[in-house]
1. Would a scan of the range 24-35 turn up a residue that is open to solvent by less than 30 Å² (accessible area, probe 1.4 Å) and not hydrophobic (A, V, I, L, M, F, W, C)?
2. Within the range 64-73, is even one residue under 17 Å from residue 9 (Cα atoms) and of a type in the set (Val, Ile, Thr)?
3. Considering only the range 66-91, how many residues are over 9 Å from the mean Cα position of the chain (by Cα) and either open to solvent by less than 10 Å² (accessible area, probe 1.4 Å) or free of Cβ contacts under 8 Å to residues at least 12 places away in the same chain (or both)?
4. Which of the following residues is open to solvent by 70 Å² or more (accessible area, probe 1.4 Å) and among the β-branched types (Val, Ile, Thr): 2, 44, 48?
5. Take the conditions polar (S, T, N, Q), within 14 Å of the chain's Cα centre (by Cα) and more than 13 Å from residue 81 (Cα to Cα) and apply them to residue 52. Does it pass?
6. Are any residues in the range 16-53 small (Gly, Ala, Ser) and at negative phi, and if so, which ones?
7. Among the residues of the range 14-28, write down those that are within 22 Å of residue 3 (Cβ to Cβ), assigned to a loop (DSSP other than H, G, I, E, B) and touching a helix residue (DSSP H, G or I) at 6+ places or on another chain (Cβ under 9 Å).
8. Can you find, within the range 62-90, the residue that is nearest to residue 32 (Cα to Cα) among those that are among the charged types (D, E, K, R) and part of a strand (DSSP E or B)?
Amino acid sequence: QVQLVESGGGVVQPGGSLRLSCAATRNMFDIYSEAWYRQAPGGVRELVAAITPGDNINYADAVKGRFTISRDIAKNTLYLQMSALKPGDAAGYFCNFRYGPNGYWGQGTQVTVSS
């Protein structure tokens, strides 16, 4: 079993920045993919950014140029740097790690964008 713990969420004004972290209890050397998702109240969970096999990085169109996904393998941690935040970015943010056929979710961290 793999546990993922997100942190870094909070309240920020429009235009502000936050960095989310997702720490795993298993090393990332054999990981298949890592991703950040978000889910607004009443909405569906949607992909924000992902690192896929071959270290390909994909972003949702809504966050391209504003968000950056990265990882520190030595720390077993995935990051999401979010800049130029908009009210529409407000949501619960969840990390997802896949090891082979098995996927694991964190508990989520809340991001609120409000003036």
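1. The answer is yes, given that some residue of the range 24-35 is open to solvent by less than 30 Å² (accessible area, probe 1.4 Å) and not hydrophobic (A, V, I, L, M, F, W, C).
2. yes
3. Number satisfying all stated conditions: 8.
4. After applying the criteria, what remains is 44.
5. Here the answer is yes, as residue 52 does meet what is asked.
6. The answer is 16, 17, 21, 23, 24, 33, 35, 40, 43, 49, 50.
7. Hits for the range 14-28 are 27, 28.
8. 71
The values are calculated or read from the model by the stated rules, or taken from the named source; none is laboratory data. Worth saying up front: this structure is predicted, and the values here are computed from it rather than measured. Cβ atoms come from the backbone with ideal geometry, glycine included; neighbour counts cover every protein chain shown. With ligands, DNA and RNA removed, areas are computed over all heavy atoms of the protein, side chains included. Shrake-Rupley method; radii C 1.70, N 1.55, O 1.52, S 1.80 Å.
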